[in-house]
Each structure stands twice: as structure tokens, then as C-alpha cells.
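The values are calculated or read from the model by the stated rules, or taken from the named source; none is laboratory data. Just so you know, these numbers come straight off a predicted model, no measurement behind them. No Cβ is skipped: glycine too gets one built from the backbone with ideal geometry, and neighbour counts run over all protein chains shown. Areas reflect the complete protein model, heavy atoms only, side chains present, ligands, DNA and RNA absent. Shrake-Rupley method; radii C 1.70, N 1.55, O 1.52, S 1.80 Å.
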Amino acid sequence: MRIKRRTKRFFKRVLMSIPILMICAFLYLLIRRPASAPPSKIKVAMTPDRIERGQYLFTTLLDCDGCHSERDFSRLGGPVIAGARAKGVMLPLEGLPGQVNAPNITPDAETGIGAWTDGEKIRAIREGISRDGHMLFPLMPYSGYRFLSDSDVQSLVAYMNTLPAIRNYIPRSNISFFVAMMVKGVPTPVTKLIPDVDVDGGEIYGEYLVSIAGCEECHTPRKFGQADASMRFAGGRLFAMPAGRVFSSNITPDKDTGIGKWDFIRFRDRMHAMREYQDTEFPKVGPERFTLMPWIAYAKLTDHDLEALLLYIKSRRAISNFVVPHPGQ
């Protein structure tokens, strides 16, 4: 009898403690501040080589235009509207936990980042912490950008410093209360030097490119709001906007549903498919050809980088997952 009474008291105490623990967890999430460190006091060298590298990163490999520039999605590939590079956009993506806005990142002092130091820009890019200390919603892929080498992130900032200033106020993102609390743990300070990756490192260099380009983020389906680690690169993630809907492709080495049968020539030609449109008018398209894949940006990728990218992707696990990009259209 004594054992039964003790057992009942034990479980009663456990049940009574659950609401207290839940309240404590809620209060912790509520008052918790994202991890951050002071920005460096660096002043980026504005050399021609550094600016050229930064332009390649901004307009091609990282496709910063994809979110921060106004684009015309009525045309194939969604080209950047003339004079609208980096002016900021209120993102029209569906399924987000609130209104997510990509800020003005031109050097305008009042509505852009013209008053920011280079160190503050680097911190925002790699760590997701804005100048005033608030965290950026992790649709901004700073979890991948944290792997940017010191040289590359400085080159990116050098190019951004050369952009024409555009006066365009973009309000801060308005994220749902619960999600805003849950993502506070995403920012992580970069506390060590990040050296350059050997460009002749083959698969290792390819992994670096894939990490900073965000290939996994788009080509991995979501499960309960998180990337499904068992389906890395297998495609099937839905992207929806007023202009259309599209599912990302399977880019694993699966021979039947992925790119397992592709050689480098086929991969290069596919990635460069929109080079023919670079200096001509982009044709009008409907929802049946809508895509967020940055074909226009990737058309400028070098053969060397494409070879490294393919080498790394081909080394991943093959996953059978047949994806129809535009079902029902």
C-alpha cells in the first residue's frame, strides 16, 4: 500500500510540474535573445579584383538579386527590372509565417545600408544580426553564408558598396509570434577566421559552392516546417507566388528521377540555357513556366565552378523521387 501511495504521489508531482516547466520554457523563449557578437571594425579594401569577385558572388553564385531586387516574373526567369537592383522587396512567397521582406541593401543612407560599417554588413550576411541588433528571419540564408570565406564575404561587401543608392523604404518583416520565438536560436556568431577553399579542390570546393549557393535549401523537401534530412537534394519542395507554383527538381545522382545520367556537358548546357537571353528581351511566360530557379544568374557560372558543383552533387546519395515541376498545368 505504501508503495502505491508513493507512486501516486510521484506521478501527481510530475503532472503538477508539467505546467510549471511549460511556463518556464515559454518565458525562456520569450526573453531569450539571439546569439550575437559585436561586428568587426574591418574596412574592406575596394580593389578591382575584390569588386569583380564580389559582383560574381552577388549576381551569380549567391543570386542576391533573387530576393533583394525587383523582378519581372511575367518574363522567363524573372529578370531584374532595370534600376531596381538591391532596392528591397516585400516578398510575395506564399506559405510564410507572416510578411517577410528583403530589405534595401543599396548604399542609401536613410532607407538602405549606406550608414552601416563594413563589419556590420559582414555580420548581417554571415550571422543574421542587423545593425540595430535584431535578428534577420532565416529565409535570408545566413546559415549557409556563415561558411563564406573571409575573402569572399569582404569581396561581396566591396561590390555592394559600389551599387547605386536607391531611396526605397522597406518595412521590417512581420513574423508570427510563435515562429519568431522559435527561430531565435538560428543566428550563430562566426568566431574564427575562415580561409579560402582551394579552387582546385574538386569535391571539397564543390561542397563550398553548394553550401553558399543554397542548393540544398531549395532542393530538399520540407517536413513539419523543417528540411527533411532523409531527402537531401531529392527535390519536391513547393514554391508558390501569385505568378505561379513550382516544385524543385530532384538533383541527386538517381539515374531515373535525378541527374545520375547527366555528364558535365549536359549539366553545363542546362545551367547555361538562358545565356541566349542575356542581351535580348525575355519572352513572356505564364504560370506553366514559372520558376524561382535562378537560371539567369547561373547562366554566368564558370565552367570550373560548374564542374566542382556537379562533382559534389554526384557524390551524394541517390534518392528515387519523381518530381513534376508544374503538376496540373
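Things worth noting here:
Conditions (1) at pLDDT 95 or above; (2) farther than 30 Å from ALA308 by Cβ, marked per residue:
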site: MET1; (1), (2): no, yes
site: LEU15; (1), (2): no, yes
site: ILE31; (1), (2): no, yes
site: ALA35; (1), (2): no, yes
site: ARG50; (1), (2): yes, no
site: ARG53; (1), (2): yes, no
site: LEU57; (1), (2): yes, no
site: LEU93; (1), (2): no, no
site: ASN101; (1), (2): yes, yes
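- Subset of the stretch 222-240 [free of Cβ contacts under 8 Å to residues at least 40 places away in the same chain and either of a type outside the set (Gly, Ala, Ser) or open to solvent by less than 30 Å² (accessible area, probe 1.4 Å) (or both)]: ARG222, LYS223, PHE224, GLN226, ASP228, ARG237
- For the stretch 241-253, a residue qualifies if it is out of contact with any Cys (no Cβ under 6 Å at 6 or more places or on another chain) and either in a loop (DSSP other than H, G, I, E, B) or open to solvent by 50 Å² or more (accessible area, probe 1.4 Å) (or both), and the qualifying residues are PRO242, ALA243, ARG245, PHE247, SER249, ASN250, ILE251, THR252, PRO253.
- Residues in the stretch 254-294 that are among the hydrophobic types (A, V, I, L, M, F, W, C) and either at pLDDT 95 or above or part of a loop (DSSP other than H, G, I, E, B) (or both): ILE259, TRP262, PHE264, ILE265, PHE267, MET271, PHE282, VAL285, PHE290, LEU292, MET293.
- Residue match in the stretch 243-253 (condition: on the phi > 0 side of the Ramachandran plot and modelled with pLDDT under 95): yes
- Filtered residues of the stretch 108-129 (kept if open to solvent by 40 Å² or more (accessible area, probe 1.4 Å) and not polar (S, T, N, Q)): ALA109, GLU110, ALA115, TRP116
- Qualifying residues in the stretch 130-165 (those that are more than 18 Å from the chain's Cα centre (by Cα) and among the aliphatic types (A, V, I, L, M)) - the one least open to solvent (accessible area, probe 1.4 Å): ALA158
- Subset of the stretch 254-274 (residues that are among the hydroxyl-bearing types (Ser, Thr, Tyr) and either closer than 14 Å to LEU310 by Cα or open to solvent by 80 Å² or more (accessible area, probe 1.4 Å) (or both)): none
- Leading residue by the ranking (nearest to VAL323 (Cα to Cα)) among those in the stretch 194-211 that are open to solvent by less than 60 Å² (accessible area, probe 1.4 Å) and touching a Ser or Thr at 6+ places or on another chain (Cβ under 9 Å): GLY206
- Only one of the numbered conditions (1) touching a strand residue (DSSP E or B) at 6+ places or on another chain (Cβ under 6 Å); (2) crowded, with 17+ Cβ neighbours inside 10 Å is not met by PRO287, and that is (2).
- When HIS304 is tested against (1) under 24 Å from CYS67 (Cβ atoms); (2) not hydrophobic (A, V, I, L, M, F, W, C); (3) not in a loop (DSSP other than H, G, I, E, B), only condition (1) is not met.
- All of (1) within 19 Å of the chain's Cα centre (by Cα); (2) modelled with pLDDT under 95; (3) open to solvent by 50 Å² or more (accessible area, probe 1.4 Å) hold for ALA82 with one exception: (1).
- The stretch 166-181 - residue that is hydrophobic (A, V, I, L, M, F, W, C) and more than 18 Å from the chain's Cα centre (by Cα) and, of those, surrounded by the most Cβ atoms within 10 Å (Cβ to Cβ): ILE166
- Any hit, the stretch 301-324, residues being of a type in the set (Phe, Trp, Tyr), surrounded by 14 or more Cβ atoms within 10 Å (Cβ to Cβ) and within 17 Å of VAL246 (Cβ to Cβ): no
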